[in-house]
Amino acid sequence: MIVGTAGHIDHGKTTLVGALTGVDTDRLKEEKARGISIELGYAYQPLADGGMLGFVDVPGHERFIHTMLAGAAGIDYALLVVAADDGVMPQTREHLHILDLLGIEHGAVALAKSDRVEAGRIAEVESELRQLLAETHLAGMPVFPVSAVSGQGVDALRRHLHDAAQAMPQPGSEGGFRLAVDRSFSLKGTGTVVTGTVFSGRVQVGDELMLSPAGRPVRLRGLHVMNQAAQAGAAGQRCALNLGGVGKDDIQRGDWIVAPRLHVPSGRFDVRLTLSAQAPAALQHWAPVHLHHGAAHVMARVALLEGEMLSPGGSALAQLVTDRPIGALHGDRFIVRDSEARHTLGGGQVLDPDGPARRRKTPRRLAELAALQIPDPAHRLNGLLELSPDGLDLDHLAVNWNRENLSSAVPADCMLVHASHENWIFSGPHWRSLQDTLRTGLAGFHEQFPDELGPDAARARRMFMPRLPAVAFAVLVQTLLADGTLQRSGSWLHLPTHRITLNAQEDAVYQRIRPWLADGTASPWVRDLARLSGQDEGAMRRLLRKLARQGKLYQVVRDLFYTPETVMRLAAVVHELENAAGEARAADFRDRTGLSRKRAIQVLEFFDRVGFTRRVREAHRLRNPDMFGKDEHVV
């Protein structure tokens with residue numbers, strides 16, 4: 001368990017931690033000279049069950065609220081220290097308000113310097129504290145009159161903290177590793193060391209990690225957990241990480257050390273924001289604020305999504321736009337202070353760490369944010385699925401929610417699409433609606449263009465469902481092909497009832513030119529076919545285009561047509577080059593096929609155009625490897 005102190009300056013927080021643990025957490029010369037805490041301090045104490053109790057001691061001066069917030073990130077238990085003689089003071093209230101906004105639910109009050117006052121004064125301050133706590137998550141927490149000088153009550157408080165630590169539920173290991181950095185330094189003979197609280201996941205020596213938001217890979221060379229050498233650390237523990245591949249000056253307080261998949265820094269995220277009832281004024285749309293998240297402190301703007309103003313005590317959906325990216329994920333707590341850093345305005349939870357720049361106030365978007373507030377992942381996912389006709393990217397959600405996978409949360413009546421390292425999910429009704437949309441779209445296409453067999457897959461997606469991911473559209477097409485409600489002729493998609501037929505004269509010409517068309521890559525140009533068959537060039541061009549719409553030919557360039565067999569053989573060469581070199585270049589393709597350089601380039605550009613390959617600088621990479629089949633034909 002990690003205990004975080006809180007309270008007004010000079011109320012005895014550091015002295016009390018010293019009495020409880022025997023450790024002086026003021027380590028800086030300036031702190032000792034001035035007699036106040038300036039930086040975060042740390043102390044540890046063994047527990048009877050072999051565990052370790054950690055303390056984070058925070059400064060109490062109002063100028064160091066930003067440091068207090070960095071220390072409060074990730075604590076399990078609040079120790080609110082109030083001097084019995086002074087009673088409740090401004091930073092008592094502000095620190096308590098911050099703890100409440102951070103959702104801290106476990107804690108105790110240490111009524112310090114109790115040896116200086118009479119019993120009546122202790123009862124008076126305790127009554128004031130209970131009224132102050134009544135409206136917070138910490139309502140009803142025990143109060144311990146103590147004196148760090150005389151030792152009064154210290155043993156009782158220590159026993160209580162030990163009992164609370166042993167009763168505290170252990171954090172689950174679900175999710176990837178995340179540590180919020182609050183210190184970075186270098187030790188002679190060791191190298192770069194960072195310390196912080198582990199928010200989630202597990203880590204062990206040798207792991208490859210990522211410094212975020214910088215995006216710099218690092219390696220865990222050594223590890224201390226709760227001030228003891230260890231091989232592994234986990235959520236809920238304070239850890240010191242000895243990192244390789246990075247210098248101490250490359251890491252700042254507020255950075256994160258995370259599992260590589262969780263490196264998704266964001267400068268725009270949607271939240272549920274609560275404005276404190278004690279806020280000095282209403283919060284206006286696009287107001288500048290100081291944002292505190294984890295150990296990070298950045299400037300941000302508040303884009304209100306439900307009105308132009310948020311009154312004190314109110315709550316609203318909002319989008320925070322930061323001046324630099326930070327490592328926020330769904331469920332993270334945050335605090336906002338006014339632009340002059342004089343008042344704590346409020347706080348809340350992150351809903352979507354990847355908020356949209358546009359259409360952020362639409363009814364559908366607000367409904368999605370309402371669904372993202374559902375605590376249970378399965379119910380949350382189900383709520384989003386009902387609002388997402390174009391499906392949900394499961395991998396993206398798993399990262400945003402910091403879960404290894406969401407398979408256990410998937411509702412029964414869903415369609416899962418696994419393809420090309422992507423995982424999408426659709427609700428059953430939405431998937432069936434997509435099938436109807438494609439069939440209806442094709443029926444309309446056939447009515448509008450009766451002389452065309454149908455669109456190719458890429459064109460069909462653009463026409464009928466442009467927002468649907470390409471991998472999901474491919475699976476949708478395969479589903480309809482399998483049940484017979486859709487047919488593919490060549491690369492054209494059409495309904496089974498739709499056909500394009502040649503008249504008797506056209507069929508006679510086609511039968512005459514078929515041998516020349518079947519002559520592989522030597523297929524003649526349109527003008528040559530017209531001359532050889534004694535036909536008009538324009539009529540020949542119209543016939544060949546009609547044959548292409550039937551799926552009997554492919555139009556490589558304006559006046560060059562290949563049979564499907566020829567295209568398949570050429571596609572097989574692209575597969576072979578991809579397997580051998582990871583790409584197909586024009587020179588290699590020319591050499592393998594025997595085509596001229598000009599013809600080879602034309603064929604490769606045709607493959608790019610129809611989506612079989614994609615151009616990557618001077619090469620071509622497979623994009624849809626199964627478009628023409630890869631095993632049926634070889635050159």
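Would you call L243 in contact (Cβ under 8 Å) with a residue 40 or more places away in the chain, over 24 Å from the mean Cα position of the chain (by Cα) and either part of a strand (DSSP E or B) or surrounded by 22 or more Cβ atoms within 10 Å (Cβ to Cβ) (or both)?
Against the criterion (in contact (Cβ under 8 Å) with a residue 40 or more places away in the chain, over 24 Å from the mean Cα position of the chain (by Cα) and either part of a strand (DSSP E or B) or surrounded by 22 or more Cβ atoms within 10 Å (Cβ to Cβ) (or both)), L243 qualifies.
Can D588 be described as open to solvent by 20 Å² or more (accessible area, probe 1.4 Å) and in contact with a strand residue (DSSP E or B) (Cβ under 6 Å, 6 or more places away or on another chain)?
So D588 does not fit the description; no.
Kindly indicate whether G267 is open to solvent by 10 Å² or more (accessible area, probe 1.4 Å), touching a strand residue (DSSP E or B) at 6+ places or on another chain (Cβ under 7 Å), at pLDDT below 95 and not polar (S, T, N, Q).
So G267 fails the test.
Residues are listed down the side, and each one gets a yes or a no for (1) free of Cβ contacts under 8 Å to residues at least 60 places away in the same chain; (2) surrounded by fewer than 21 Cβ atoms within 10 Å (Cβ to Cβ); (3) within 30 Å of the chain's Cα centre (by Cα); (4) in a loop (DSSP other than H, G, I, E, B):
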| position | (1), (2), (3), (4) |
| --- | --- |
| T437 | yes, yes, no, no |
| G441 | yes, yes, no, no |
| F445 | yes, no, no, no |
| D451 | no, yes, no, yes |
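I'd like to check something: does region 400-407 contain any residue that is within 30 Å of P90 (Cβ to Cβ), among the acidic types (D, E), open to solvent by 20 Å² or more (accessible area, probe 1.4 Å) and not in a strand (DSSP E or B)?
The answer is no, given that none of the residues of region 400-407 is within 30 Å of P90 (Cβ to Cβ), among the acidic types (D, E), open to solvent by 20 Å² or more (accessible area, probe 1.4 Å) and not in a strand (DSSP E or B).
Need the failing condition index for G383 against (1) assigned to a loop (DSSP other than H, G, I, E, B); (2) open to solvent by 10 Å² or more (accessible area, probe 1.4 Å); (3) on the phi < 0 side of the Ramachandran plot, just the number.
Result: G383 passes all but (1).
Let's see how each residue does on (1) surrounded by fewer than 23 Cβ atoms within 10 Å (Cβ to Cβ); (2) part of a strand (DSSP E or B):
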| site | (1), (2) |
| --- | --- |
| Q252 | yes, no |
| L273 | no, yes |
| A281 | yes, no |
| H292 | no, yes |
| R301 | yes, yes |
| E306 | yes, no |
| A316 | yes, yes |
| P325 | yes, yes |
| A328 | no, no |
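For region 22-37, name all the residues that are of a type outside the set (A, V, I, L, M), surrounded by 11 or more Cβ atoms within 10 Å (Cβ to Cβ) and within 42 Å of the chain's Cα centre (by Cα).
D24, T25, D26, R27, E31, S37 - these are the residues of region 22-37 that are of a type outside the set (A, V, I, L, M), surrounded by 11 or more Cβ atoms within 10 Å (Cβ to Cβ) and within 42 Å of the chain's Cα centre (by Cα).
Are any of the residues in region 489-500 open to solvent by 60 Å² or more (accessible area, probe 1.4 Å), at pLDDT 90 or above and either over 20 Å from D393 (Cα atoms) or part of a loop (DSSP other than H, G, I, E, B) (or both)?
Yes, region 489-500 contains a residue that is open to solvent by 60 Å² or more (accessible area, probe 1.4 Å), at pLDDT 90 or above and either over 20 Å from D393 (Cα atoms) or part of a loop (DSSP other than H, G, I, E, B) (or both).
Among I2, I9, which is open to solvent by 30 Å² or more (accessible area, probe 1.4 Å), touching a Gly at 6+ places or on another chain (Cβ under 7 Å) and in contact (Cβ under 8 Å) with a residue 60 or more places away in the chain?
Result: I9 is the single residue among I2, I9 that is open to solvent by 30 Å² or more (accessible area, probe 1.4 Å), touching a Gly at 6+ places or on another chain (Cβ under 7 Å) and in contact (Cβ under 8 Å) with a residue 60 or more places away in the chain.
Can you name every residue in region 441-469 that is acidic (D, E) and closer than 15 Å to R609 by Cβ?
D456
Of these, R158, R178, which one is within 40 Å of the chain's Cα centre (by Cα), surrounded by 15 or more Cβ atoms within 10 Å (Cβ to Cβ) and in contact (Cβ under 8 Å) with a residue 60 or more places away in the chain?
Going through R158, R178 in turn, the sole match is R178.
Being open to solvent by less than 20 Å² (accessible area, probe 1.4 Å) and more than 38 Å from the chain's Cα centre (by Cα) is the filter here, so list the residues in region 89-120 that pass it.
Across region 89-120, the qualifying residues are A110, L111, A112, S114.
Can you tell me which residue within region 181-194, out of those that are open to solvent by less than 20 Å² (accessible area, probe 1.4 Å) and either in contact with a Gly (Cβ under 6 Å, 6 or more places away or on another chain) or of a type in the set (S, T, N, Q) (or both), is nearest to L223 (Cα to Cα)?
For region 181-194, the residue satisfying everything is T192.
One residue is enough: does region 44-51 have a residue meeting the conditions assigned to a strand (DSSP E or B), open to solvent by less than 30 Å² (accessible area, probe 1.4 Å), closer than 20 Å to M226 by Cα and in contact with a strand residue (DSSP E or B) (Cβ under 8 Å, 6 or more places away or on another chain)?
Yes: one or more hits.
The values are calculated or read from the model by the stated rules, or taken from the named source; none is laboratory data. What you are looking at is a predicted structure, and each value in this text was computed from that prediction instead of being measured. Every residue, glycine as well, gets a Cβ built from its backbone with ideal geometry; the counts of neighbours run over all protein chains shown. Ligands, DNA and RNA are excluded from the accessible area calculation, which covers all protein heavy atoms including side chains. Shrake-Rupley method; radii C 1.70, N 1.55, O 1.52, S 1.80 Å.
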